[in-house]
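The values are calculated or read from the model by the stated rules, or taken from the named source; none is laboratory data. What you see is a predicted model; the values in this text were computed from it and never measured. Neighbour counts run over all protein chains shown; Cβ positions are idealised from the backbone, glycine included. In case anyone asks, the SASA skips ligands and DNA or RNA and just uses the protein heavy atoms, side chains included. Shrake-Rupley method; radii C 1.70, N 1.55, O 1.52, S 1.80 Å.
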Amino acid sequence: MSLLIDQIQAPPAWRRLAFISDLHLGPDTPRTQLALQRALQALDADALFILGDLFEAWVGDDARELPWAQAVVALLSTCAATRPVYFQHGNRDFLLGPAMAEACGLQLLAEEVCLQAFGQRVVLVHGDAQCLEDRPYQAFRAQVRQPAWQQGFLAQPLATRLQLAAQMRDASQQAQADGPYADLDAQACAALLQRHAALTLLHGHTHRPARHALPGGAQRLVLSDWDHDHGGTRGEVMLFSPQGWQRLPQP
Ligand SMILES: [Mn+2]
C-alpha cells in the first residue's frame, strides 16, 4: 500500500482552492467530460481536490488505455502541470491506483484528510463511509476494500472486470430504487470533526448539495454531482478562499 496523504497544510501562497466530486465519468458521458474540460481550462485555483467518484466505475488502472479514459488522463495531467491535483477515492473509483495517479499527475489522498487553510481546519471525505444506515452497502464496502478481494478482482481480464462493474452498478441502482439513498450519519460526522478539531466537513457522494449547520458552529458542506448527459446541466466547482466558500455552477 502506497502512502496516502492525510494532512495538508496550505502553503502561504495559496489564495483559492477548488473542490469537485461525483462526475461519474465513463464512456457514455461525453458532455459531462466536456463540462469538466471547460471547468479545468477556466479554473482559477492554486490546488484542485477531487473528492471521489470522478468515474462511474474504475476497474483497474489498465482501463486508462480506453479511448474515453485517455481523454480524461489528458485533461487531468494538463491541469496538474500547473498546480497540485489531489484525488480521494469514492465508492465507484476506489480501485484507482498509483499507475493512473501517475499518468494523471494526481496525488492520492487517504479516506479522511484534514486540510488546514486560511486559518481553518476542514475535514475532507467522500462520504460513503459515514452512511452507516446503509448496512448492505457497508458490508459490501468492507469486502471490496480488502487487499485480497482487490487482488482477485484485478487478476481478471479487463473485459470481465468491465462486465462485473456493470452488474454491480445495476444491483446498486436497484437497491436505490427501493428507497432514498442513505445520508451521512450525524454522530459519525460529529466524531470526524472532533477527531480533527475541525468545524467544517466537506464531502460528496450523496448528490444532495447543501450546507448543513451543525451544533457548536460547525458545518457540513455537500458538493454537487455533475451530469450533462441525461437531459440537464448539473455541476459545481466549490471554491474556498479567505473570503469563505463559494459554489460556481458549471453550465
Ligand atoms: Mn459516491
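Out of Leu108, Leu115, report the one residue that is touching a Pro at 6+ places or on another chain (Cβ under 9 Å) and not in a loop (DSSP other than H, G, I, E, B).
Leu108 is the lone residue from the list that is touching a Pro at 6+ places or on another chain (Cβ under 9 Å) and not in a loop (DSSP other than H, G, I, E, B).
Answer yes or no: is there a residue in the stretch 165-176 that is away from the ligand (no atom under 14 Å from the Cβ) and either farther than 30 Å from Arg31 by Cα or in a loop (DSSP other than H, G, I, E, B) (or both).
no
For the stretch 226-249, name all the residues that are of a type in the set (Gly, Ala, Ser) and under 9 Å from Thr32 (Cβ atoms).
Across the stretch 226-249, the qualifying residue is only Gly235.
Which numbered condition in (1) part of a helix (DSSP H, G or I); (2) open to solvent by 30 Å² or more (accessible area, probe 1.4 Å); (3) touching a residue at least 12 places away in the same chain (Cβ under 8 Å) is the only one that Glu133 fails?
Just one mismatch for Glu133, condition (1).
The rows are residues; the columns are (1) more than 16 Å from the ligand (Cβ to nearest atom); (2) at pLDDT below 95; (3) charged (D, E, K, R).
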residue	(1), (2), (3)
Gly90	no, no, no
Leu106	yes, no, no
Ala110	yes, no, no
Val125	no, no, no
Phe140	no, yes, no
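If you scan the stretch 34-60, which residues turn out to be more than 13 Å from the ligand (Cβ to nearest atom), crowded, with 20+ Cβ neighbours inside 10 Å and either basic (Lys, Arg) or over 30 Å from Pro242 (Cα atoms) (or both)?
Matches in the stretch 34-60: Val59, Gly60.
Does Leu184 satisfy the criteria of being in contact with a helix residue (DSSP H, G or I) (Cβ under 7 Å, 6 or more places away or on another chain) and farther than 20 Å from His89 by Cβ?
So Leu184 fails the test.
Which members of the stretch 205-221 meet the condition of being out of contact with any Ser or Thr (no Cβ under 6 Å at 6 or more places or on another chain) and assigned to a strand (DSSP E or B)?
Once the filter is applied, which keeps residues that are out of contact with any Ser or Thr (no Cβ under 6 Å at 6 or more places or on another chain) and assigned to a strand (DSSP E or B), the stretch 205-221 yields Ala210, Arg211, His212, Ala213, Leu214, Ala218, Arg220, Leu221.
Sort out which residues of the stretch 68-86 are part of a helix (DSSP H, G or I) and either free of Cβ contacts under 8 Å to residues at least 40 places away in the same chain or of a type in the set (Val, Ile, Thr) (or both), and write them in order of number.
Those that are part of a helix (DSSP H, G or I) and either free of Cβ contacts under 8 Å to residues at least 40 places away in the same chain or of a type in the set (Val, Ile, Thr) (or both): Ala69, Gln70, Ala71, Val72, Val73, Ala74, Leu76, Ser77, Thr78, Cys79, Ala80.
Do you know which of the residues in the stretch 92-104 that are open to solvent by 20 Å² or more (accessible area, probe 1.4 Å) and within 16 Å of the ligand (Cβ to nearest atom) is nearest to Arg195 (Cα to Cα)?
Looking at residues that are open to solvent by 20 Å² or more (accessible area, probe 1.4 Å) and within 16 Å of the ligand (Cβ to nearest atom), I get Phe94.
When you scan the stretch 8-31, how many residues do you find that are under 15 Å from the mean Cα position of the chain (by Cα) and open to solvent by 10 Å² or more (accessible area, probe 1.4 Å)?
Selection size over the stretch 8-31: 1.
Residues are listed down the side, and each one gets a yes or a no for (1) away from the ligand (no atom under 16 Å from the Cβ); (2) over 19 Å from Leu124 (Cβ atoms); (3) open to solvent by less than 10 Å² (accessible area, probe 1.4 Å):
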site: His207; (1), (2), (3): no, no, no
site: His212; (1), (2), (3): yes, no, no
site: Pro215; (1), (2), (3): yes, yes, no
site: Ser224; (1), (2), (3): no, no, yes
site: Phe240; (1), (2), (3): yes, no, yes
site: Gly244; (1), (2), (3): yes, no, no
